[in-house]
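Written below as structure tokens is the structure these notes are about.
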Amino acid sequence: MNDITVVPVPARVEPASGVTFVLPADGVIRSDSASAGAFLAGALRPATGFALPVVADHPAPAIELRLVATGADEGYELDVDAGSVVVRARTAAGLFYGVQTLLQLLPSSVDATTVQDGPWTVPGGRIRDEPRFAYRGAMLDVSRHFFGPDVVLRFVDELSRYKINFLHLHLSDDQGWRIAIESWPELARSGGATQVGGGAGGCFSQAEYARIVAHAAERHVTIVPEIDLPGHTNAALHAYPQLNADGTAPPAYTGVDVGFSTLAVGREATYTFVQDVLREVAALTPGPYLHIGGDEAQSTSTEDYLAFMDRVQPMVTALGKTVVGWHQIGPARREPGRIAQYWGHKPEPDEDLLAAIAQGDRILLSPADRVYLDMKYTVDSPIGLDWAGHITTRTAYDWDPAALLPGDADVAGVEAPLWTETVATVDGIDLLTFPRLPAIAEVAWSPQAARDWAAFRVRLAAHGPRWTLRGVGFHPDPEVF
Ligand code: TNX
């Protein structure tokens, strides 16, 4: 295990030198969790060509997945000797992460979709692992450009390999409304009908959305839906004239400006609308969080913004969910447990962020100059923005979440947003996401003391061939590959 290339790096690794496990063709998987066993077998069968039956009991299994009474929430232990591999965890999530680590310990050809030559070796030793932060997130903006359910499922699959456990979906913005709301059907029909550049857009049906939520849950990824309010709402304003202060619907918007739209904060129809939307979205959300945006409300007066948030945040609580908002929500009266998502990038302290910290909000870190996946890597990147600077893989990796904010901030974790003003294709998603997202996953999962750029870049480089085998594109960052 000396040279393992696991990303994120585990908290503790003790190699057993000279010891190697080889997966036998007639190996059996014994698992306390049917889903974890099935997931592992499903991942191993295509490339190995082995049958790998999964059973609940067996005298001499090749691989064992055991639920045990102790351990951290998402932690696991992995023991590899010449005769067997054993993963132990207290929770199903922990078992899943142990399985992901095991897959990365096998030769990279395990990621091929057709049968490959073995031997299927795993280096001997012990791993003891658990996450630094409970919230390890990515965000996909499906509003600026719409991406259908299959693209989102594939994104979830890749995130979960790196132990990311939250996917925030930015479901509404000026350019498009992307989740069907049965009580307001024009949102999907008319609000979802276009996107940046004027393409066809699209909108998830509730059944499609439920499929995303279920697929993610099987991979221990919780979906965080965002309905961005009260700004970033042109698509809704276009669909329903009564949400506008002057009662007139604006045209659909296919540009990339921000800050020009607002719900009519003084109209009762606005609150009926918000209540209905949040109710339907909450009903589709088994996870704890509802994100209500709150950023860049430049067309809403401060007074109106605070009044709006005073009415809307308690709706989220009443639906049994916890409020998440961009950090501009900081000055608005908080609801219990609220998370403020910090997306600043300036050296000077941000007053809205300080207000959130002072109120006791948990802070989700999305510093735009570190983890905004929509920023270009360099001036030569074919897509991406640059308002927060260029972000190389090293820039995304080389920082400490504990050192970013004033000492009294309660950091919930780290989330990497992919805004899609310039991203119209899956290739574009891949290029901006890899290899930076795995770098950020390590920032969020691994202890700071175990992280080091020089060692990381070598581990990360080993994932290039795996992405290629899986049909995932990436930026060949010259500092890594
Ligand atoms: C800022 S981050 C925005 C988004 C843009 C993004 C582009 C945030 C809360 N608002 O509306 O898409 O910059 O990088």
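Looking only at segment 160-173, decide whether some residue is under 27 Å from Val256 (Cβ atoms) and aromatic (Phe, Trp, Tyr). Checked segment 160-173: at least one residue is under 27 Å from Val256 (Cβ atoms) and aromatic (Phe, Trp, Tyr). Pairs meeting the criteria (first residue in segment 334-348 and touching a residue at least 60 places away in the same chain (Cβ under 8 Å), second residue part of a loop (DSSP other than H, G, I, E, B) and surrounded by fewer than 23 Cβ atoms within 10 Å (Cβ to Cβ), beta carbons under 7 Å, at least 6 apart or on different chains) are Tyr342/Pro367. The residue that is most open to solvent (accessible area, probe 1.4 Å), among those in segment 57-81 that are over 19 Å from Val122 (Cα atoms) and in contact with a strand residue (DSSP E or B) (Cβ under 7 Å, 6 or more places away or on another chain), is Asp57.
Within segment 363-378, restricting attention to residues that are among the β-branched types (Val, Ile, Thr) and open to solvent by less than 10 Å² (accessible area, probe 1.4 Å), which residue is farthest from Phe481 (Cα to Cα)? Only one residue tops the list, namely Ile363.
Only one of the numbered conditions (1) free of Cβ contacts under 8 Å to residues at least 60 places away in the same chain; (2) of a type in the set (Ser, Thr, Tyr); (3) part of a helix (DSSP H, G or I) is violated by Tyr305, and that is (1).
What tally of residues in segment 29-56 results from selecting those that are part of a loop (DSSP other than H, G, I, E, B) and open to solvent by 20 Å² or more (accessible area, probe 1.4 Å)? Qualifying residue count, segment 29-56: 6.
Would you please name the residue that is nearest to the ligand (Cβ to nearest atom), looking only at residues in segment 379-416 that are part of a helix (DSSP H, G or I) and open to solvent by less than 10 Å² (accessible area, probe 1.4 Å)? Applying the filter and picking the extreme gives Ala396.
Quick grid of which residues meet (1) touching a helix residue (DSSP H, G or I) at 6+ places or on another chain (Cβ under 9 Å); (2) under 30 Å from Gly42 (Cα atoms); (3) at pLDDT below 95:
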site	(1), (2), (3)
Ala138	yes, yes, no
Leu159	yes, yes, no
Ala188	yes, no, no
Gly192	yes, no, no
Gly197	no, no, no
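Evaluating Ala92 against the criteria (1) of a type in the set (A, V, I, L, M, F, W, C); (2) more than 21 Å from the chain's Cα centre (by Cα); (3) open to solvent by 10 Å² or more (accessible area, probe 1.4 Å) leaves one unmet condition, (2).
The values are calculated or read from the model by the stated rules, or taken from the named source; none is laboratory data. Because the structure is predicted, anything quoted here is derived from the model rather than measured. Glycine also receives a Cβ, built like all others from the backbone with ideal geometry; neighbour counts cover every protein chain displayed. Surface areas here come from the heavy atoms of the whole protein model, side chains and all, with no ligands, DNA or RNA. Shrake-Rupley method; radii C 1.70, N 1.55, O 1.52, S 1.80 Å.
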